[in-house]
Amino acid sequence: MKLDLIILDKDKEIKAAGSAIIISPHWILTAGHVVELSDNLSFVLNNHKYNIDHKIIYPGFDSNNPATNNTDIALCYIKENIELDFFPKLYDQQEELGKICGIVGYGITGDGITGAVIMDSQKRAGTNIITSVNEDILICDMDRTNPTQLEFLISH
């Protein structure tokens, strides 16, 4: 289940927001840049607030260069049990080429020519088709004659 993280500062004011996926009763998966700036992290699910007790940012993540760093990932541990009907199954295949992927993110928007130009903190989501795989990086191409209905990419 996808959820929104709320990142609070020491005065309990909302500092930032980001997206995450609940992957088990005690773990969520998110981007490293979403959780790196605060140790006071929480999220709300079904009107219940969960505090994140521990975060693990992938070693080698470089917040000064996130656009070229494929280690922008983090796991967050929650002591309290997250109650859901099911959790996503770990994908262990290698058949991504040609598949549609869903993408969600906050804030910076632009187009394929200008790149990221406007920061408005709005959540956006869309889809794209995986057109190639380079080692462990999935690549989506905007230069196609048959785009998805909600064509979308995340990029600087």
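Only the coordinates and a few stated rules stand behind these numbers; no lab work does. Source: prediction; values computed, not measured. Positions of Cβ are backbone-derived with ideal geometry, glycine not excepted, and every protein chain shown enters the neighbour counts.
Annotations for the structure displayed:
- Quotient of Cα Rg and 2.2 N^0.38 Å for segment 31-156, N being how many residues it contains: 1.21
- Note on LEU29 and GLN94: the extension gain reaches 21.4 nm, defined as 0.36 nm multiplied by sequence separation minus the Cα-Cα distance.
- Two-site FRET efficiency, GLU135 against LYS49, from Cβ-Cβ distance with R₀ of 35 Å, rounded to 0.05: 0.35
- Estimated FRET transfer efficiency when R0 is 41 angstrom, pair ILE113-ASP85 (beta carbons, to 0.05): 0.40
- Computing FRET efficiency as 1/(1 + (r/R0)^6) for GLN149 and SER63, where r is the C-beta to C-beta distance and R0 is 25 Å, gives about 0.15.
- Sorted largest first, extent of segment 30-97 alpha carbons per principal axis (Å): 36, 34, 17
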